[in-house]
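Chemist: Have a look at the structure that comes next, please.
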Amino acid sequence: MKDIRLDSPLQGELIELKDVKDPAFASGAMGRGAAVRNPQGKVFSPVDGEVTVLFDTLHAIGLHAEDGTDILIHVGLDTVNLGGKHFTAHVAQGDKVKRGQLLLEFDGEAIKAAGYDTTTPVLVTNAADYGKITVALGDKEISSDVAAAEETAAAPAEDEAELAGLDKEHRVAKLIWKYVGGRDNVRSAEHCATRLRLILNDKSRIQEKAVENIDGVKGQFFAASQYQIILGTGFVDKVYDAFVEGTDLAGTSNNKAEAYAQMSTIQKISRTLGDVFVPIIPVLVATGLFMGLRGAAQAMGLQMSPNVTTMSQVLTDTAFIFLPALVCWSTMKRFGGTPVIGIVLGLMLVAPQLPNAWAAIPGGAQQPLLMDVLGFQVPVVGYQGSVLPALVLGIVAAKLQAALKKVVPDIIDLIVTPFLTLFICMLLGLLVVGPIMHGIESAVFGAVAAFLALPFGIGGFIVGGLQQVIVVFGVHHIFNALEVQLLATTGVDPFNAIITGAIVAQGGAAVAVAMKTKDEKKRALYFSSAVPAFLGITEPAIFGINLRFMKPFIYGLCGGACAGGIAGFLHLAGTGMGITVLPGTLLYLNNLLPYIVVNVVGFAVAFGLTFTLFKPEE
C-alpha cells in the first residue's frame with residue numbers, strides 16, 4: 001500500500017487522534033490522521049484538488065486531492081451546533097484549490113467562549129487505500145498505519161485485554177457502564193421492547209457520542225427523565241441481563257417512580273394514562289381482530305346463522321360492555337389499591353339492575369333511575385363503554401382504601417376496609433363521579449369526533465403531522481383514553497388510521513437516509529433502525545436517525561400529515577387499537593385498499609422528500 005504525507009492545514013499543537021475528546025474521531029471510525037489543538041483561525045489547503053464537501057454550517061470541509069486522497073478537516077467538536085456563526089468560507093463546494101490556498105477562517109476564542117472545543121481533526125477518510133499516513137506540523141510528525149487503526153477501532157477508549165473473550169452483549173454492557181459514568185452513577189435500570197432505560201444521578205458524566213459509537217447501539221436520547229439506549233428487540237434483553245449482572249439493580253428497580261418524580265405535569269398525566277390503559281390494550285386488540293375478521297367474512301358474502309352471530313358478538317362486545325371494570329381494575333392497580341375491589345366497582349357501574357346507557361337515551365327503550373339527593377333529582381344509568389367515570393372512581397377508591405387502612409384497626413381491616421371502600425365509592429360513582437365525568441367525557445369526545453370529521457381530511461392532516469412530535473416529548477399515551485372511548489362509543493378507531501400513516505412515514509424517511517448513506521456500517525445500522533417502524537415502533541428510527549439529522553424527521557412529519565389527511569378524507573377507521581402499519585392490517589381486513597393507500601402515501605411522501613432533499617453528513 002502507498003504511504004502518504006500531509007502538511008497540517010492549520011497552525012497549532014499537533015496531537016494524536018486518540019487524544020481527541022470525541023470517540024468518533026478518537027476511535028479512527030471517521031478516518032486516520034491527526035488533530036490540531038488550539039488552532040489558529042485559518043485553514044489552508046494541504047493539497048491540490050477539489051472541494052467536494054462544504055457544510056452549510058462551515059465547520060467542516062472535504063477535499064479530494066489530485067492523487068486520490070480524500071481529506072476531511074473538521075474545525076472543533078460539535079461546532080455544527082453553531083450554525084455557521086464565527087466561521088467564514090473563502091471557497092465554495094466544487095471549487096478547484098491549490099496547496100496553501102486559504103479555505104476557511106474562524107474565531108477560535110469566540111468558539112471557545114460559546115462552550116466548544118476547537119481541537120480540529122485532520123483525517124484521510126479513504127484511509128483503507130493507504131499504508132502509513134503521516135501528518136506534519138513544523139518539526140513534529142504523527143503517523144498511523146492500518147494495523148494501528150484497526151486496533152484503535154476495535155476497542156475505542158477501552159483496554160482490548162479487558163474485553164477479550166466477552167460475548168457481544170457483555171461487551172456492550174461493559175462499555176455502557178463505562179460511558180454512563182460507572183456504577184455509582186446509575187440509580188436504577190429497566191428495559192422495554194427495544195431500549196435500555198436508565199435513571200442516572202449525574203447526566204453530565206455521560207459520554208453520549210461514545211455510547212452511540214458502541215457496536216450494537218442504534219442510538220441514545222433522554223425522554224421522560226430517562227436515559228434510553230436503543231439496542232433493538234431481542235438484543236436489549238441480553239444486554240440488560242449482562243448490565244445488571246452482579247449488581248442489585250435486577251428485580252429491585254424503581255425506575256418508574258424515579259422517572260415519574262422528574263417529569264413535568266403533562267408528562268405525569270400521560271404516563272399515568274399509559275400505565276392504566278396499556279395493560280388493557282391487548283384485550284382491545286384481540287377484540288378488534290375479531291371484529292375485522294367478522295367484517296371481512298361478511299364482506300365476502302359469508303352468511304352467519306343467528307347463533308353464530310351471537311357467539312361472535314360475545315367475542316367482540318364483551319370487553320366494551322364491561323370496559324369500566326377493566327379500567328377500574330387497572331386504575332386501582334396503578335394507584336396501589338386492591339385490584340379485585342376495582343373489578344367489583346367497575347362491574348357496579350354496569351350492573352344489569354341499572355338502565356343500560358345505550359338504551360337510556362331520549363326516546364330510548366329505558367329511562368334513567370331518578371334518585372333524590374339533597375332535593376336534587378339525579379338520573380342514574382349504567383356506564384357501559386365509559387372511560388372517565390371508571391378512571392376517576394378507581395383513583396378515588398385507591399386513595400380512600402389507603403386512608404382507611406391508616407385508621408381501621410388491623411384486626412378488622414380485612415372486613416371493614418373493603419366494605420367501606422365499596423359502599424362509599426358505589427354511592428360516589430353512581431350519584432356524583434359518574435354523572436359529572438360522563439358529562440365531561442361526552443363533551444370532550446364530541447369535540448374530538450368533530451375535529452377528526454372536519455371536511456377534506458383537515459383534522460387527520462393536523463393530527464398526522466403532529467403525532468410523532470408528541471411521541472418525541474413522551475406524552476403520546478394521553479391519547480389511549482381517547483382511542484378506547486372511540487372504540488367503545490362508535491365501534492371503530494379513526495385515530496389509529498391516522499397515526500399509522502405518521503408512523504410509516506418516519507420509517508420511510510429513515511429508509512431514505514439509509515439508502516443515501518455510503519458508509520456500509522452506518523447503512524446497515526440505519527436499515528435495522530428503520531425496520532421496527534413498519535411494525536409500529538418508531539423510536540429507533542426517530543432517535544437513532546431522523547432527529548439526529550432533523551430534516552428527515554421533518555420530512556417524515558410531512559408524510560404523516562399527507563397520510564393522515566387522506567385517512568380523514570376517506571373516513572378510514574380500524575376495528576381496534578394498539579397495532580399499526582403491517583400488524584395493523586388485521587384491523588382493516590374489511591377495508592384493506594384504503595388502508596394500503598394511506599400507508600403507501602405516508603411512506604412515499606416521506607421517502608421522496610428525504611431522498612431528494614436530504615444530504616447525509618458523512
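The values are calculated or read from the model by the stated rules, or taken from the named source; none is laboratory data. Remember, it's a predicted structure, so these values are computed and weren't measured experimentally. Note: ideal-geometry Cβ built from the backbone for every residue, glycine included; neighbour counts use all protein chains shown. Surface accessibility is based on the protein's heavy atoms, side chains included, excluding ligands, DNA and RNA. Shrake-Rupley method; radii C 1.70, N 1.55, O 1.52, S 1.80 Å.
Chemist: Working only within the stretch 448-502, note down all residues that are modelled with pLDDT of 90 or more and assigned to a loop (DSSP other than H, G, I, E, B).
Modeler: Matches in the stretch 448-502: Leu454 only.
Chemist: Look through the stretch 84-105, keep the residues that are outside any strand (DSSP E or B), out of contact with any Leu (no Cβ under 9 Å at 6 or more places or on another chain) and more than 19 Å from Gly41 (Cβ to Cβ), and return whichever of them is most open to solvent (accessible area, probe 1.4 Å).
Modeler: Arg99
Chemist: Kindly check whether there is at least one residue in the stretch 286-302 that is part of a loop (DSSP other than H, G, I, E, B), touching a helix residue (DSSP H, G or I) at 6+ places or on another chain (Cβ under 7 Å) and open to solvent by 50 Å² or more (accessible area, probe 1.4 Å).
Modeler: No.
Chemist: Of the residues in the stretch 330-356, how many are under 19 Å from Phe419 (Cβ atoms), without any contact (Cβ under 8 Å) to a residue 60 or more places away in the chain and under 35 Å from the mean Cα position of the chain (by Cα)?
Modeler: 5
Chemist: Quick check on the stretch 54-83: of everything there that is outside any loop (DSSP other than H, G, I, E, B) and open to solvent by 10 Å² or more (accessible area, probe 1.4 Å), which residue is nearest to Asn38 (Cα to Cα)? Don't jump to the end; show me each part of the working.
Modeler: Residues of the stretch 54-83 that are outside any loop (DSSP other than H, G, I, E, B), as a first pass: 54, 60-65, 70-74, 79-82.
Keeping just the survivors that are open to solvent by 10 Å² or more (accessible area, probe 1.4 Å) gives 54, 64, 70, 72, 74, 80-82.
Numbers: Leu54: 22, His64: 25, Asp70: 24, Leu72: 18, His74: 13, Val80: 18, Asn81: 19, Leu82: 18 Å.
Selected residue: His74.
Chemist: Could you please find all residues in the stretch 406-417 being open to solvent by 30 Å² or more (accessible area, probe 1.4 Å) and either assigned to a loop (DSSP other than H, G, I, E, B) or in contact with a helix residue (DSSP H, G or I) (Cβ under 6 Å, 6 or more places away or on another chain) (or both)?
Modeler: Pro409
Chemist: Among (1) within 27 Å of Gly295 (Cα to Cα); (2) surrounded by fewer than 16 Cβ atoms within 10 Å (Cβ to Cβ); (3) not polar (S, T, N, Q), there is one condition Tyr588 misses while meeting the rest; what is its number?
Modeler: All conditions are met except number (2).
Chemist: In addition: Residues in the stretch 384-401: is at least one open to solvent by 10 Å² or more (accessible area, probe 1.4 Å), closer than 21 Å to His438 by Cβ, in contact (Cβ under 8 Å) with a residue 40 or more places away in the chain and not in a helix (DSSP H, G or I)?
Modeler: Yes; the residues of the stretch 384-401 include at least one that is open to solvent by 10 Å² or more (accessible area, probe 1.4 Å), closer than 21 Å to His438 by Cβ, in contact (Cβ under 8 Å) with a residue 40 or more places away in the chain and not in a helix (DSSP H, G or I).
Chemist: Return the only residue of Thr318, Thr338, Thr310 being at pLDDT 85 or above, open to solvent by 70 Å² or more (accessible area, probe 1.4 Å) and hydroxyl-bearing (Ser, Thr, Tyr).
Modeler: Thr310
Chemist: Follow-up. If only one of Ile596, Ile566 is free of Cβ contacts under 8 Å to residues at least 60 places away in the same chain and part of a helix (DSSP H, G or I), which one is it?
Modeler: On the way: Ile566 fails: free of Cβ contacts under 8 Å to residues at least 60 places away in the same chain.
It is Ile596.
Chemist: Let me ask another. Identify, by number, the condition in (1) of a type in the set (D, E, K, R); (2) in contact with an Asp or Glu (Cβ under 9 Å, 6 or more places away or on another chain); (3) at pLDDT below 80 that Asp241 doesn't meet.
Modeler: (3)
Chemist: Being open to solvent by 20 Å² or more (accessible area, probe 1.4 Å) and over 19 Å from the mean Cα position of the chain (by Cα) is the requirement here; does Asp237 meet it?
Modeler: When the stated conditions are applied, Asp237 does not pass them.
Chemist: Hey, can you tell me all the residues within the stretch 596-615 that are among the hydrophobic types (A, V, I, L, M, F, W, C), modelled with pLDDT under 95 and surrounded by fewer than 16 Cβ atoms within 10 Å (Cβ to Cβ)?
Modeler: Leu613
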